[in-house]
1. Is the shape of region 109-194 rounded, prolate or oblate, going by the alpha carbon gyration tensor and its root eigenvalues a ≥ b ≥ c, with a/c under 1.5 for rounded and a/b larger than b/c for prolate?
2. How high is the relative contact order of the chain? Use alpha-carbon pairs under 8 Å, at least six apart in sequence, and give a whole percent.
3. Treat every Asp and Glu Cβ in the chain as -1 and every Lys and Arg Cβ as +1, leave all other atoms uncharged, and give the resulting dipole magnitude about the Cα centre to the nearest 20 debye.
4. Taking the chain as a Gaussian network, Cα atoms linked when under 10 Å apart, which of 12, 86, 169 shows the biggest mean-square fluctuation?
5. For the pair residue 149 and residue 93, how long in nm is the line joining their label points, each one 7 Å along Cα→Cβ?
6. Hey, what does the equivalent ellipsoid look like for the chain, semi-axes from the Cα gyration tensor as sqrt of 5 times each eigenvalue, largest first, whole Å?
7. Can you give me the long-range amide H partners of residue 144? Hydrogens built in the peptide plane at 1.01 Å from N, cutoff under 5 Å, separation of 5 or more residues or another chain.
8. Compare the Cα positions of 33, 152, 50 along the charge dipole of the chain (+1 at Cβ of Lys, Arg; -1 at Cβ of Asp, Glu; about the Cα centre) and return the one farthest towards the positive end.
Amino acid sequence: MDGFEKRRNDKKEIIIQTALELFNKYGYEKVTVTEIAKEAHVSKVSIYNFFESKDNLRRIIIKDILDESLEETKTLVEKECNFIDKMGEYLENRIIHGGQYNMEFFFDGVERDPVVRQYLDDFNIENKQLITSLIQEGKKIGYFSADVSDTAIEVYIDIFYSYFLHNRKIRPILDRDPKLAKEINLLFLDGLIRHRGK
């Protein structure tokens with residue numbers, strides 16, 4: 001990568017990070033492209049050249065969030081380590097990742113923008129396959145109940161994620177309380193666990 005391309009990529013990343021911070025703090029609707037440009041120390045023209053519109057900037061931010069989450073889960077599924085440690089890391093990754101952005105901004109984008117909704121639908125298909133792989137690994141070592149079918153697990157995962165997708169009231173509560181988010185994740189996994197290794 002030459003110097004020009006690096007500067008261009010750095011500028012683009014600054015715009016993305018600045019926009020995400022402002023969207024998190026004030027909400028997507030209240031933030032203007034002018035405010036993003038001012039905080040990022042770039043021109044409005046640069047933002048439109050990189051992203052075309054504020055809507056498209058939001059799409060790219062949310063797609064990046066989903067891509068990063070998927071990559072973390074892929075890496076974890078492929079990692080060779082103690083399964084209990086792996087599940088602990090899975091929970092920790094979800095909590096840390098979720099704490100990086102305001103859930104209201106994320107889900108508002110999903111609800112208002114069909115392009116973002118399609119990103120999430122595609123993400124959910126692949127993510128569910130990865131989580132099912134993780135659960136099947138747990139079944140092999142007796143960590144998860146072998147009596148529960150993969151179809152039941154898929155439905156269970158759908159119920160869990162659909163609740164957070166459609167329940168607007170819980171999102172700000174979890175944003176403010178990572179301990180509660182961790183407890184909910186543990187309860188989610190406890191629903192599948194036959195016993196924990198010691």
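1. On the way: a/c = 2.68, a/b = 1.42, b/c = 1.89.
Oblate, because a/c is 1.5 or more while a/b does not exceed b/c.
2. Values: 126 pairs, mean separation 42.2, N = 198.
Computed value for the chain: 21 percent relative contact order.
3. Working: 31 positive and 36 negative charges, 94 e Å.
Dipole size: approximately 460 debye.
4. 169
5. Inter-label distance under the simple model: 2.9 nm.
6. Numbers: eigenvalues 255, 68, 43 Å².
They are 36, 18, 15 Å, listed largest first.
7. 139, 194
8. Positive-most Cα among the choices belongs to 33.
Bear in mind these aren't lab numbers, they're just calculated from the coordinates by the rules spelled out. Computed from a predicted model, the values in this text were never measured in an experiment. All Cβ positions, even for glycine, are placed from backbone atoms using ideal geometry, and neighbour counts span all protein chains on display.
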